[in-house]
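Structure, as structure tokens:
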Amino acid sequence: MRKLFTVTLGMLCAASIMGCGVKADNTETQETTIAQESTVTKEAEEINETNESAPITGGWGINNNFDGTDNANAMSAFEKATEDLDGYRYDVVAVLGSQIVAGTNYLYLCRAEIVVPDAKPEYVILKVYEDLEGNAEITGNLRLLEGKEGWEYNDANPYMDENEEVKAAFDKALEGLTGAEYKPIAYIGHKDNSYAVLTKITIVSVEPMTSLSVVYITATESGAMIDNI
């Protein structure tokens, strides 16, 4: 059995983290399981994706390509915002998106750790603001998996192509799902035989809606169901 559950990162759009405009939705939407069509939880607001590299003024654009080498402006802002950090380190795993304001907000998935011997990593969503003069600073962060009892962060390579077992479970759990496209971004943690994968989810409709979610997959021996972890 493989169980799949998604938690939308609508909290990223809270004023304390991003201060962005969002579409509110207080209902639960539906998603299919391997065995049958059932529900997908959309527990919070969604961040809109644009089809262009530059986001709409005031709105967040989720990237199609998350590689730092293809997001030079975002990486420049990140370097400036983190160059004076002392005792703590952020490594960019994915450049998630951006928002045009009076300057630009950038969003990153980072592997973070205290700079001490044998430090354990954690995964955070980091927000950086760069003003019109090119000055940049960290303005928010969110620790993924925080408060989830028994879960441990992945301390190895986070990319799915380097984690065959996780990728196989992810792909298997999504077999037969319709109505949405799931693009895994990074494997961020585990608990027993369950995995947490940060994922870009696009609801397929006349007006597609895109969100960033943590997808939890439990690999067992038969069947499939949504598990409220």
W151 is checked against (1) loosely packed, with under 15 Cβ neighbours inside 10 Å; (2) modelled with pLDDT of 90 or more and fails just one. What number does that condition carry?
-> (1)
When restricted to V197, V115, the only residue buried (at least 21 other Cβ atoms within 10 Å of the Cβ) and among the β-branched types (V, I, T) is V197
Across the range 85-138, which residue is modelled with the highest pLDDT among those that are of a type in the set (K, R) and over 18 Å from the mean Cα position of the chain (by Cα)?
-> R89
Quick one: is D171 surrounded by fewer than 17 Cβ atoms within 10 Å (Cβ to Cβ) and under 21 Å from C110 (Cα atoms)?
-> no
Counting only residues that are of a type in the set (D, E, K, R), out of contact with any Pro (no Cβ under 6 Å at 6 or more places or on another chain) and in contact (Cβ under 8 Å) with a residue 40 or more places away in the chain, which one in the range 105-157 is nearest to L85 (Cα to Cα)?
-> E137
Output the qualifying pairs, or none if there are none: Cβ atoms under 9 angstrom, residues six or more apart or on different chains, first residue in the range 158-183 and within 21 Å of N64 (Cα to Cα) and free of Cβ contacts under 8 Å to residues at least 40 places away in the same chain, second residue open to solvent by 80 Å² or more (accessible area, probe 1.4 Å) and of a type in the set (D, E, K, R).
-> K167/D161
Scan the range 168-184 and give yes if some residue there is in contact with a helix residue (DSSP H, G or I) (Cβ under 8 Å, 6 or more places away or on another chain) and among the aliphatic types (A, V, I, L, M), otherwise no.
-> no
Out of (1) at positive phi; (2) open to solvent by 70 Å² or more (accessible area, probe 1.4 Å), the one G134 does not meet is (2)
Does the range 66-76 contain at least one residue that is without any contact (Cβ under 8 Å) to a residue 24 or more places away in the chain and crowded, with 16+ Cβ neighbours inside 10 Å?
-> yes
Return the residue satisfying two criteria in turn: it lies in the range 200-225 and is of a type in the set (A, V, I, L, M) and more than 29 Å from G61 (Cβ to Cβ), and of such residues it is most open to solvent (accessible area, probe 1.4 Å).
-> M225
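The values are calculated or read from the model by the stated rules, or taken from the named source; none is laboratory data. Note that the structure is a prediction, hence the values are computed from the model and not measured. Virtual Cβ from ideal backbone geometry, glycine too; neighbours counted across all protein chains shown. All accessible areas refer to the heavy atoms of the entire protein, side chains included, with ligands and DNA or RNA removed. Shrake-Rupley method; radii C 1.70, N 1.55, O 1.52, S 1.80 Å.
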